[in-house]
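One structure is given here, and the rest of the page talks about it.
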Amino acid sequence: MTLFEIVKSSVTTRHAAEYYGFPVNRAGKIACPFHDDRTPSMKVDKRFHCFGCGADGDVIDFVARLYGLDAKAAAEKLAMNFQISSDQSEPTSRLIKTQNALEQEEKYFRVLLDYQRLLRDWERVYAPKPEDEKWPPQFVEALQKKDYIEYLLDVLLCGTAAERTALIKDIGEEVTKLERRLSELSAEAPALSDSGGSQDAFGSER
């Protein structure tokens, strides 16, 4: 693999945009640095595309245009900034850590999103009736946790790289316990379904 191929397979345009100071919003867009963009119109993912001025390309094109470099210099800048080795037989520890961090982010986001869906179901299904003297614990949990979980998802979805890294470090144990709990609730669902009981999306009887 050439340096160009290694860089493009290791760093997305979104990673580069965040690294060079462009905050990515919830829609995966940034304010285009290549024209007077008052509202974010550049989509950044593996590649980039601006719906305002039409700028388009891969991460090397992005950095080359951003800093006025040729493609080779842009690739070298990315390799230096992200500590990417041109020797594909010896990937740097930074690259391995970056890949692991991305996988961890995706896992945490998936677990939190599943929990958010469960809370929404609980808030709807277990909403107390006027004559109820005591609120169901599922309904109480939904009210207590929904704003917090939404905040965590927002950080993972549109926070800066530094914010996401700090969050991942802080909530690791919490997400692990939550993943185990969701798995247990999901495993209970078939048995409850077979018994004919009324249940929510995760099989909790009413």
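Listed here are the residues, each with its yes/no results for (1) surrounded by 21 or more Cβ atoms within 10 Å (Cβ to Cβ); (2) touching a residue at least 24 places away in the same chain (Cβ under 8 Å).
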position	(1), (2)
Thr12	no, yes
Ala27	no, no
Ala31	no, no
Phe34	no, yes
Thr39	no, no
Val44	yes, yes
Arg47	no, yes
Gly52	no, no
Ala55	no, no
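Within region 36-58, is even one residue closer than 17 Å to Ala79 by Cβ and in a loop (DSSP other than H, G, I, E, B)? Checked region 36-58: at least one residue is closer than 17 Å to Ala79 by Cβ and in a loop (DSSP other than H, G, I, E, B). Restrict the check to region 144-165 and report whether at least one residue is modelled with pLDDT of 85 or more and farther than 30 Å from Arg14 by Cβ. So far as region 144-165 goes, yes, one or more of its residues are modelled with pLDDT of 85 or more and farther than 30 Å from Arg14 by Cβ. Residues in region 59-72 that are touching a strand residue (DSSP E or B) at 6+ places or on another chain (Cβ under 8 Å) and outside any helix (DSSP H, G or I): there are none. Can you tell which of Pro40, Pro33, Pro91 is farther than 20 Å from Leu156 by Cα, modelled with pLDDT of 90 or more and of a type outside the set (A, V, I, L, M, F, W, C)? It is Pro33. Is it true that some residue in region 123-135 is surrounded by 11 or more Cβ atoms within 10 Å (Cβ to Cβ) and within 30 Å of Tyr20 (Cβ to Cβ)? No, that holds for no residue.
The values are calculated or read from the model by the stated rules, or taken from the named source; none is laboratory data. From a predicted model like this one, the values you see are computed outputs, not experimental measurements. Cβ atoms come from the backbone with ideal geometry, glycine included; neighbour counts cover every protein chain shown.
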